[in-house]
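Chemist: I am attaching a structure below and will ask some questions about it afterwards.
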Amino acid sequence: MTLPSLTQRAFDQYLRGVVAWLKHKLHRCAEDACWRKGSDCYLPDGQPGVPDEWYCWEHAASAGYCRSCGSFNGGIESFDCGRSGLCENCDYQWRADTGEFDSDEDY
Ligand SMILES: [Zn+2]
Ligand SMILES: [Zn+2]
């Protein structure tokens with residue numbers, strides 16, 4: 001099948017737009033070539049409770065989002081320099097949870 005009215009470049013651009021739209025619809029990770037299921041990610045100036053983007057666990061942190069709650073933390077030193085990819089709240093929660101788990105063995 002040939003597409004005489006479209007140049008290859010225009011077609012590529014069109015395809016990329018369709019893929020981005022589809023990923024957005026299916027809540028897939030927004031990272032290029034990543035089709036994992038994404039978590040809800042929220043921009044600081046977005047509507048509360050309405051996700052702005054979706055990223056998988058692996059790519060959320062590099063895009064500046066907390067891997068757990070999806071809040072945007074890009075530019076915050078403790079987040080950018082930390083290895084957990086969790087915001088301060090979730091990092092604390094995670095520590096508390098694992099701490100509880102450790103001391104809860106004797107049942
Ligand atoms: Zn991803
Ligand atoms: Zn968080």
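The values are calculated or read from the model by the stated rules, or taken from the named source; none is laboratory data. This structure is a prediction, so every number in the text was calculated from the model and none was measured. Glycine gets a Cβ as well: all are built from the backbone with ideal geometry, and neighbour counts include every protein chain shown.
Chemist: Across segment 1-58, what is the total count of residues that are under 20 Å from Gly75 (Cα atoms), more than 16 Å from ligand 1 (Cβ to nearest atom) and part of a helix (DSSP H, G or I)?
Modeler: Count: 0.
Chemist: Taking Leu3 as meeting all but one of (1) touching a Cys at 6+ places or on another chain (Cβ under 8 Å); (2) of a type outside the set (Val, Ile, Thr); (3) at pLDDT below 95, write down the number of the exception.
Modeler: Going through the list (1) touching a Cys at 6+ places or on another chain (Cβ under 8 Å); (2) of a type outside the set (Val, Ile, Thr); (3) at pLDDT below 95, Leu3 breaks only (1).
Chemist: Would you check which residues across segment 15-72 are surrounded by fewer than 14 Cβ atoms within 10 Å (Cβ to Cβ) and of a type in the set (Asp, Glu) and list them?
Modeler: Asp32, Asp45, Glu58 - these are the residues of segment 15-72 that are surrounded by fewer than 14 Cβ atoms within 10 Å (Cβ to Cβ) and of a type in the set (Asp, Glu).
Chemist: Also, I was wondering about something else. Against the condition within 25 Å of Asp97 (Cα to Cα), at pLDDT 95 or above and charged (D, E, K, R), how does Asp40 come out, does it pass?
Modeler: It is true that Asp40 is within 25 Å of Asp97 (Cα to Cα), at pLDDT 95 or above and charged (D, E, K, R).
Chemist: Any idea which residue in segment 67-107 is modelled with the lowest pLDDT, counting only those that are assigned to a helix (DSSP H, G or I) and polar (S, T, N, Q)?
Modeler: Ser103
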